[in-house]
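Below is one structure, written out as C-alpha cells; comments come after it.
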C-alpha cells in the first residue's frame, strides 16, 4: 500500500481548450460557493436566518475538485459544513437558500435547515449535524453499491475533527477489509471549533492513518482545485474498478469561525492572512488559464444567480405550523 | 400451525424475506459463520452468500451507520446487535441518523431498516447484557418499536418489520429463543402481522393486564392459574409500542374496570407510566381501582440469580398483584 504525500501539482491532462473549459467550470463553481456563503452570512447579520450556519468560505477548492470526479449516479456524504458540497453537486440554489432561511420552498420544507441540507435526487446523502455521523452513512452507500453490483462510488467528506471520532475508524476499517467503493476526503482546516488539531493529536498528517487500515493515503493542497481533482480522480477510478477505498487529506483553511456567530478569537490573524493570500480563487487565477474578461463574465453570471436565489428565499413563505407533524414516518 | 422455537421462527422470517426480496441483507457480529450468538441466522451465509449475511467486526456504531446509508440507497438492511445493551454504543446512528433523516430531509428519503436485538434479564448476564431498554427507542420520534412474544408472533412481526418503509427496532427476548410455541403458520403461508394492533391473549372480565415480550408469557400463565380460583384476567400483548394500540386497551378496561401494566423495563420513566397516562383520559370514569404497574426495579441488573430474579416480574408476582387488585 502506498502512503505518500503528493508534491507538485500535476499538469492536467486536458488539451488547451479542455483545460480552459475545466478552469471555467472550476472557477464558476468555486465562485458560486463563495458568493452563496457570503450571502448566507449577510442573512445572518440581518437577522433573517434562524439559528446558525457553518460557512465553507476558503475551502471551495475541495468540494469543487472532488465532486468534479463524481458521476451523476454516485453518492456524496457531507458534514455540518455542507453548503459547498451541495452547491458543487449542482443543487438548486433557490431551494438551498430557502431552506437555510427556514422557508416552505426549501429542500426540506424548513425542517432541516443549513445543517441537514439534502438532495436525494443528486445522490447527496445529506449534511449532518453530528461530527463523523456521515462517514458510516457514505460507507453504507458504498456497501449498497457493492451488494447491487453497480459500479457506483460513494465519496465521504469530513473534517479533521471527525477523523478522531469512532465512526472514522470503524468505517475505514470495514471499507478496506471489504474493498468498498468509497473515497474518504478529509477537509483538514486545522481547527475543531476552537481547538487546534496540533494540540490534540501527535501526528498532524492525517492521511498517514490510511496505512493502519491498509488503504492508500494521499495528502494534497486543498486550495488547488486541479490538484484536488487529480488526487480524487485517481481514488474514484480505483474505487470504481474494485480496488477499494482511498483516504485523501486536503489541507485547507476556513476563513470564518466554526459558525457564523464565532469570531474565531483563538486563531492568529497572521495565519488567516497567509491562507487568504493563497485562497482557492487566487490559486486558480495564478494558473493564467482564464483572462480577466472571462473571470468578470463568470462573476457577473454567478452574482445574478445568487441574487435570484436570495430574492426567492426572502420572498418565500414560512411553512404552516402543521408541517412540523409531517414526514416523521412514510407510508 | 407448527411448533417451533423462537429462534427458528426468526430464522424462517429472515430466510423467507431474503428469498423474496434481493434488497434484504443482514449484517452483524457473528451472524455468518456460526449463525449468530443466539442462532437466528444459521445457514443464511451459505444460502445467500457472504455479502448478504455479513459477519462484521465489533463495530456497532459503524454497522448501524452503514445500514442507514444502505437503506437510503435502495437496500433493506437487517442489522443485528448481539445485545440490546449495545445499542448505546450505536446510539448516534440509531437516534440521530436512522430515526431522523426522513424528517430532516422533508420526506425526500426513507430508511427501510430493521435493527434486531435481544433484551431481558434472567440469564445471570449482569448489568451490561440484561437490560430492557426498549423505552429508549420509543422516546425518539421516527422509529417503530416491536416487542414480540411467541414464535409465531416473532415471525409474523419480523416479516412486517422488514417490509416496512421506516426504521424498526425489533427487540427479541433472549430467554425465549429456545422456547417452543405451537403458533407458527405452516410453511408457504406468508403471514405478516400488522403493527399497531394488539393481541388479546386471554379474554376476561375482572382485570385487564397489558404487557409485551416475555411478560406476555408470564401474564398468560398467571391468568391461567388464577382462572382456577375464579379470577378472569384479560391479557393483552401489545406487539408494538410504536405504534401503540390504545383502543384495544381502552375497550378492555371499559369492560373490566381495572388495569395492570407489566413491562420488563425499569419501572421509572418507562413504558408502563406512558401507557397509564395515555389511556387515563379515556378510562378514568370506568376505573374501579387505581391503575397499577409492574416492571424491573430501578437498580442495575445484578449477576447472582439470588439477587436478579427478585427484581424482575414473573408469573407468580403478576398473579399476586392481580389478586391484590381484584
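What follows is calculated from the coordinates using simple rules that are stated; it is not laboratory data. All figures in this text were calculated on a predicted structure; none of them were measured in a lab. Neighbour counts run over all protein chains shown; Cβ positions are idealised from the backbone, glycine included.
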* Structure fact -> In terms of the alpha carbon gyration tensor, root eigenvalues a ≥ b ≥ c, rounded if a/c is under 1.5 and otherwise prolate when a/b exceeds b/c or oblate, segment B:199-325 is oblate
* Asked: For the protein assembly as shown, what is the percent of antiparallel DSSP beta bridges, rounded to the nearest 5?
  -> 15
* Going by alpha carbons, how many degrees (0 to 90, nearest 10) lie between the helix axis of B:60-72 and the longest principal axis of chain B? -> 80
* **Cβ-derived FRET efficiency at R0 30 Å, residue B:128 paired with residue A:201, nearest 0.05** => 0.45
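Is the C-alpha gyration tensor of segment A:3-313 telling us rounded, prolate or oblate? Criteria: a/c under 1.5 is rounded; beyond that, a/b larger than b/c is prolate, otherwise oblate.
Rounded shape, in that the Cα axes give a/c under 1.5.
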* **Label-point gap, in nm, between residue B:303 and residue A:243 - each point 7 angstrom along Cα→Cβ** => 5.2
* Asked: If you line up the long axis of helix B:6-20 against the longest principal axis of chain B, both from Cα atoms, how many degrees apart are they, to the nearest 10?
  -> 40
* To do: With label points built 7 Å along Cα→Cβ from the Cα atoms of residue A:179 and residue A:46, find their separation and express it in nm.
  => 5.4
* Choice from B:189, B:29, B:80 with maximal GNM fluctuation in chain B (Cα, 10 Å cutoff) -> B:189
* Asked: At a Förster distance of 30 Å, what's the computed FRET efficiency of residue A:264 paired with residue A:307, Cβ-Cβ distance as r, to 0.05?
  -> 0.60
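Antiparallel versus total DSSP beta bridges in segment B:2-184: what percent is that, nearest 5? Intermediate results must be reported in sequence, preceding the final value.
Values: 3 of 23 bridges.
So the antiparallel bridges amount to about 15 percent of the total.
Can you show me the helix-derived [θ] at 222 nm for chain A, built from DSSP H runs with n ≥ 4 at -39,500 (n - 2.57) apiece and divided by the number of residues, rounded to the nearest 500. If you can, show how the numbers build up before the last one.
Working: 12 runs with 143 residues, N = 331.
Value at 222 nm, helices only, nearest 500: -13500 deg cm²/dmol.
List the relative contact order of chain B as a percent without decimals, with contacts defined as Cα pairs under 8 Å and 6+ residues apart. Could you put the intermediate results ahead of the total?
Details: 736 pairs, mean separation 54.5, N = 326.
Reported as a whole number, the value is 17 percent.
Which of rounded, prolate or oblate describes segment A:111-183 when judged by the alpha-carbon gyration tensor and an a/c cut-off of 1.5? Present the calculation step by step, with values, prior to reporting the outcome.
On the way: a/c = 2.72, a/b = 1.19, b/c = 2.29.
Here segment A:111-183 falls in the oblate category.
What average number of partner chain Cβ atoms lie no more than 10 Å from the Cβ of the residues making up A:143-153? Kindly include the intermediate steps, with their values, before the conclusion.
Values: counts 12, 12, 4, 2, 12, 6, 1, 2, 0, 1, 0.
Mean inter-chain Cβ contacts per residue within 10 Å come to 5.
Which whole number gives the average count of other chain Cβ atoms within 10 Å of the Cβ atoms across peptide A:323-330?
Details: counts 1, 1, 1, 3, 10, 9, 14, 10.
Averaged over the peptide's residues, the number is 6.
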* Can you tell me the relative contact order of segment A:3-313? Whole percent, Cα pairs under 8 Å, sequence separation 6 or more. => 24
* To do: For residue B:232, put the label point 7 Å out on the Cα→Cβ axis and report which residues of segment B:258-294 keep their amide N under 17 Å from it.
  => B:258-259
* Asked: Among A:293, A:45, A:276, which one moves the most in a GNM of chain A with springs linking Cα atoms closer than 10 Å?
  -> A:293
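Sort A:25-35, B:290-300, A:81-91 by packing, meaning the average of other beta carbons within 10 Å per residue, with the highest value first.
Per-residue mean Cβ counts within 10 Å order the peptides as A:81-91, A:25-35, B:290-300.
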* For segment B:2-184, what is the relative contact order in percent, using Cα pairs closer than 8 Å and at least 6 residues apart in sequence? -> 28
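Can you pull the semi-axes for the protein assembly as shown, root of five times each eigenvalue of the Cα gyration tensor, sorted largest first, whole Å? Walk me through the numbers on the way to the answer.
Numbers: eigenvalues 550, 142, 86 Å².
Ellipsoid semi-axes (Å, largest first): 52, 27, 21.
Provide the convex hull volume over Cα atoms per residue for chain B, in Å³.
It is 127 Å³ per residue.
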* Structure fact -> Under a Gaussian network model of chain B whose springs join Cα atoms within less than 10 Å, the largest fluctuation of B:144, B:258, B:316 belongs to B:316
* Taking only Cα atoms, what is the 0 to 90° angle, nearest 10, from helix B:271-283's long axis to the longest principal axis of chain B? -> 50
* Asked: Taking Cα centroids, how far is segment A:147-207 from segment B:83-122 in Å?
  -> 22
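Peptide B:154-167: average number of partner chain Cβ atoms within 10 Å per residue?
Details: counts 0, 0, 0, 0, 0, 0, 0, 0, 0, 0, 3, 3, 4, 1.
Other-chain Cβ atoms within 10 Å of each residue's Cβ, averaged: 1.
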* Asked: With r defined as the distance between the Cβ atoms of residue B:286 and residue A:315 and R0 fixed at 56 Å, what FRET efficiency is calculated, to the nearest 0.05?
  -> 0.55
